[in-house]
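For reference, the structure is listed below as structure tokens.
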Amino acid sequence: MENEEAAALDSSWLGEEPLETESVFANDGVGEIPFGPIGDVEDRELMFSSTYDRVCSEYKNHVFPMYEVVFIDMGFRLPFSEFQREMLCWTKMSPLQIHPNSYAFMRAFELLCVYLCLPASKNVFFSFFTVQSGTDWVSFRQTQKMFEVFAGKVRSFKERFFLVRLRSAAALDTLFKVAKDGVQERHPFFPLSWSQNHFRFESKDFGQTVTNLSDEEIDIRQQLWAFFQSLPRRTKIDKRANPLMSADGTLVTEPRLINTHELLTSENFEDCLEKMKDLGALVSAGSKKISAKKRRKNVQSLEHLIAGIGVGSSFGPVVDLEGEDPPEELVQKPAKKEKLPRVWSEPDQCGPYSTLFLDDSELRIIQDLGPPGRSKAIADGAIATMKALEVAAALNNVSLENEIRVNALAQERDALTAKVAAIEEDERSKRSVVEERDRQFTAMEGQLAEARTALEEALALLISWLRIRRLWRKL
């Protein structure tokens, strides 16, 4: 699919929002941009749009619009990188035809490639993403999820755009193709105004299947996917924030997506990705330690079983099965009655068998047993002991899983608390802005009322003067 020259703007194919939405910065070119530079000041300048300009208007003199959220919240800077130019050229769109959430996907993908020392390319990108085209803004949807959707101030992006004007030859070289003889052609790499060229193709025409990738691109894709799979999985929760359990009682987990908002807003994206990777290694090491701890406990329980009978036993580990009654001195009653420990806060769970000793009647029964009876008694006791060990191991596993679940929920709770605090702070700041505007509006209404009163008084004086003048002429 070859690139085509941008066609002249025809508003008949556009939706209502792009045609009707005015920028909140619109001030007929007068005012001050409320944020810092978006790139080298020598190469570009920021301008306000007029009240007649729209995001889909056709601009000239190397001017094009951009959204505030892309720079303020996503850390985007001009000039466009080679990867970003390639993406815009391939999709045949101007920068403002792409939904800001898709800008976030593009930038997160590019930063991940830089971190892994891999070249970012449109072919690999569109092997993970597909295009969703409408009549207004175009979005990228993940076919294989790796990134979270950017959680920021994206909803109000449509009316928050400003203009960028190129002011140097170096800046022009980043947007316009240069001929071999060095003469600059007035032909941009991609449309600077809204173009209908993108909509002449189907969404599938922009996608890429793995079979269409080169060997190098397949290797890049595999490295990106390997990094994503190295991240720790997280526990799935229901609508009430309770962890979900499978039919066999294990926690249900899901892949942990790369936090796009955290990545784009971090001061150092490499440190951010390093922490994500280290978290995966930490969780893996923790799981290995827990598994080793389980194995040690099971081995210790088995060793205790093999070593002999526990506390309070009425006979030693060696038992005669040949039919001779044991000597009287070998049958000893315990010197002390040992209570069983509490099990899951239920002290009376064992009922009458809550102590480890044999009463006189049980001793007499055991002494009267023949070889078959003794074999059966020992076998029954061994089976009961093994079942008790299995129950203890199962309960121990549940306890460890609950501990992991509680820690995971605590981390997610802290993250949600931080998000709520940020939202509340944003709401307070917006409320203060609204209150300040209300005060200004009230003051302006008062000034307008005073001006209206003064005007009425002036008109009354003028009418009186005209009447006096008319009378004077008659006289």
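The values are calculated or read from the model by the stated rules, or taken from the named source; none is laboratory data. Only a predicted model underlies this, so the values are computations on that prediction, with no experimental measurement involved. Because the Cβ atoms are built from the backbone with ideal geometry, glycine has one as well, and the counts that use them run over all protein chains shown.
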Number of the condition not met by L395 [criteria: (1) surrounded by 10 or more Cβ atoms within 10 Å (Cβ to Cβ); (2) farther than 30 Å from I237 by Cα; (3) of a type in the set (A, V, I, L, M, F, W, C)]
(2)
Test: L112 is of a type in the set (A, V, I, L, M) and out of contact with any Leu (no Cβ under 9 Å at 6 or more places or on another chain)
no
Return the residues of region 80-89 that are surrounded by 18 or more Cβ atoms within 10 Å (Cβ to Cβ) and over 20 Å from L263 (Cα atoms); say none if nothing qualifies.
E86, M87, L88
If only one of I404, I383, I365 is closer than 27 Å to I237 by Cα and out of contact with any Lys or Arg (no Cβ under 9 Å at 6 or more places or on another chain), which one is it?
I404
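When region 240-270 is examined, which residues are found to be in a loop (DSSP other than H, G, I, E, B) and touching a residue at least 40 places away in the same chain (Cβ under 8 Å)?
Hits for region 240-270 are A241, G249, T250, P255, L257, N259.
Hey, among the residues in region 83-133 that are of a type in the set (G, A, S) and touching a helix residue (DSSP H, G or I) at 6+ places or on another chain (Cβ under 9 Å), which one's modelled with the lowest pLDDT?
My answer is S133.
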So S361 passes all but one of these: (1) surrounded by fewer than 12 Cβ atoms within 10 Å (Cβ to Cβ); (2) modelled with pLDDT of 55 or more; (3) under 60 Å from the mean Cα position of the chain (by Cα). Which condition number does it fail?
(3)
Which count do you get for residues in region 133-146 that are closer than 25 Å to I218 by Cβ and either among the hydroxyl-bearing types (S, T, Y) or part of a strand (DSSP E or B) (or both)?
4
What's the number of the only condition in (1) part of a helix (DSSP H, G or I); (2) crowded, with 21+ Cβ neighbours inside 10 Å that F76 fails to meet?
(1)
Could you tell me whether any residue of region 41-59 is assigned to a loop (DSSP other than H, G, I, E, B), under 32 Å from the mean Cα position of the chain (by Cα), surrounded by fewer than 18 Cβ atoms within 10 Å (Cβ to Cβ) and modelled with pLDDT under 80?
no
I'm checking my understanding of the structure. Among residues of region 10-35 that are touching a helix residue (DSSP H, G or I) at 6+ places or on another chain (Cβ under 9 Å) and outside any loop (DSSP other than H, G, I, E, B), which one is modelled with the lowest pLDDT?
S11
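Could you please find all residues in region 152-168 being under 21 Å from the mean Cα position of the chain (by Cα) and surrounded by fewer than 17 Cβ atoms within 10 Å (Cβ to Cβ)?
Listed by number, the residues that qualify are K153, R155, S156.
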For Y103, the lone unmet condition from (1) in a loop (DSSP other than H, G, I, E, B); (2) crowded, with 19+ Cβ neighbours inside 10 Å is (1)
